[in-house]
1. Just to check I understand the Karplus step: with θ = phi - 60° and J = 6.51 cos²θ - 1.76 cosθ + 1.60, what whole-Hz values come out for segment 239-248, glycine and proline as x?
2. Calculate the dipole size of the chain relative to its Cα centre from +1 charges on Lys and Arg beta carbons and -1 charges on Asp and Glu beta carbons; express the result in debye to the nearest 20.
3. Net charge around residue 119, counting only other residues with Cβ within less than 12 Å of its Cβ (Lys, Arg = +1; Asp, Glu = -1)?
4. Roughly speaking, what is the centre-to-centre gap between segment 103-144 and segment 260-335 when only Cα atoms are used, to the nearest Å?
5. Under a Cβ-Cβ cut-off of 15 Å, what is the net charge of the residues other than residue 240 that fall near it, where Lys and Arg count +1 and Asp and Glu count -1?
6. Could you go through segment 26-41 in sequence order and give the Karplus-derived ³J(HN,Hα) for each residue, using 6.51 cos²θ - 1.76 cosθ + 1.60 with θ = phi - 60°, rounded to whole Hz, and x for Gly and Pro?
7. Can you list the residues, at least 5 places off or on another chain, whose amide H is less than 5 Å from the amide H of residue 162, using H built in the peptide plane?
8. Would you calculate the volume per residue, in Å³, of the smallest convex hull containing every Cα atom of segment 80-134?
Amino acid sequence: MKVITFGEIMLRLTPSQIGGKLKTASELTVSYAGSESNVASSLAEFGHDAHFVTKLPGNELGQGAVRSLHSYGVNTSDILFADGRIGTYFIEAGKSIRPSQIVYDRRDSVFSSIDPGEFAWEKILEGASWLFVSGITAVLSEHCAYELIKVTSMARKMNVGVAFDMNYRRSLWKSRTHAARIFDQVLPYTDVLLGNAGVLTDVYDMKFSGSTDEEITVDAMQKAHSQFGVTQSSFTIRKHHSASENSLQAVYFDGTSPFSSKEYNVEIMDRLGTGDAFAAAFIHGLANQWDNQKIIEFAAAAFALKHTILCDQNTSTEAEIMSIADGNTHGHIIR
C-alpha cells in the first residue's frame, strides 16, 4: 500500500540524563519526529510504501531529518528544501507525580512558511490508498491550514482515503473556535477520524454520556458520526494513574457498531508518539482488510507497546505487536 503523510518533522531535544529537567540539563539527546512522520515511519516498518511530504531547511539539520526518515524506510522524494529554520521541541519526561512537559520552538519554521501551489498534490497522491494528516499542521500558519484543506479535498477527488487525527494542541491555538473553523473544512473529506473523546470536548464543547470511559467514548464517536458525517472513527482511551503508569484501551466505530479492545496497564518509558503508533497500526489493519475486532486489538496493542519505547517512533514489527494483542504481556525474556 502506498500511503502519504503530510506535516512538519521537528528537531526533538531531550535531557540526556534519565529524569533530568530542561532547566538544569547540560546535555540534550537529539532525534527527529513529528506526528505525520511518526505515522510514516511506523507504516514503513510494517512494509508499506510510506511517503512523507514536508518542507525543510537545506542545511545539516534538514539533512539530519531526512537521514532519520531514510533509516526507517520512508520515501522522502517529495520533500522541499529552502533557507530557514527547522521547528524544534524540547521534552522533559515526567515521572510518578511529576508530569511531562513540552516546550515548542517552531514559530517561523520553514514548513510554516510554505506557499500555496508548492506541492504538486495530484502527482504526489497518484496511486496512493491513504492520506494521513493531523490538526497540528493547521495551527502552524494560514498557508499550512490552506494546504491541509487543499490536500484532503484533492484526496477525496482522487478516491484516496483520508485519515484525520485532530491532534488539538491547546498551547498553539489562539482559541478552540479558531481550530473548529479549520477542522470543519477538513472533516467533510475525512474517511477515518482519529483521536479521543476529550478532543471533541476541547474543540467543539461536545458533551457525552456514559458510566464508564468506554461508554463515553462510544457516545462521542456516535455523535461525531452524526454531526460531521464521518463514516468511521477510532479513538483511544487513557486513564492516568501517574506520569509513569497509565491504563489504555481503544474503540473502533465502523458507522454501525463499536468494537472495543482489551485494556492494558503500562509503565511509561516515553509517551510521545503513542497516538501516532495507534494511527499507523489502525491504517495497517484496514489495509490488510482484517475483521474489525482484530483491527482495534492490533491498534490498541501498538498504542500500548509504544509507551515502552524511547523517542517518538514505533519500531515494533507486526509480529511483536500481534504478540502483545494475543496476550503476551508478562515481559518474559525471549531466547
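Each value in this text was obtained by applying a stated rule to the coordinates, not by laboratory testing. Everything numeric here is computed off the predicted structure, so don't read it as measured data. Cβ: placed from backbone, ideal geometry, glycine included. Neighbour counts: every protein chain shown.
1. In residue order, the calculated couplings are 10, 8, 9, 6, 5, 9, 9, 10, 10, 10 Hz.
2. On the way: 29 positive and 38 negative charges, 142 e Å.
That gives the chain a dipole magnitude of about 680 debye.
3. Local net charge: -2.
4. The two parts, judged by their Cα centres, are 27 Å apart.
5. +1
6. Each residue's phi maps through the Karplus curve to give 9, 9, 10, 8, 9, 8, 10, 6, x, 3, 6, 5, 4, 5, 4, 5 Hz.
7. Answer set, sorted by chain and number: 131, 191, 192.
8. Spread over its residues, the Cα hull of segment 80-134 gives 132 Å³ apiece.
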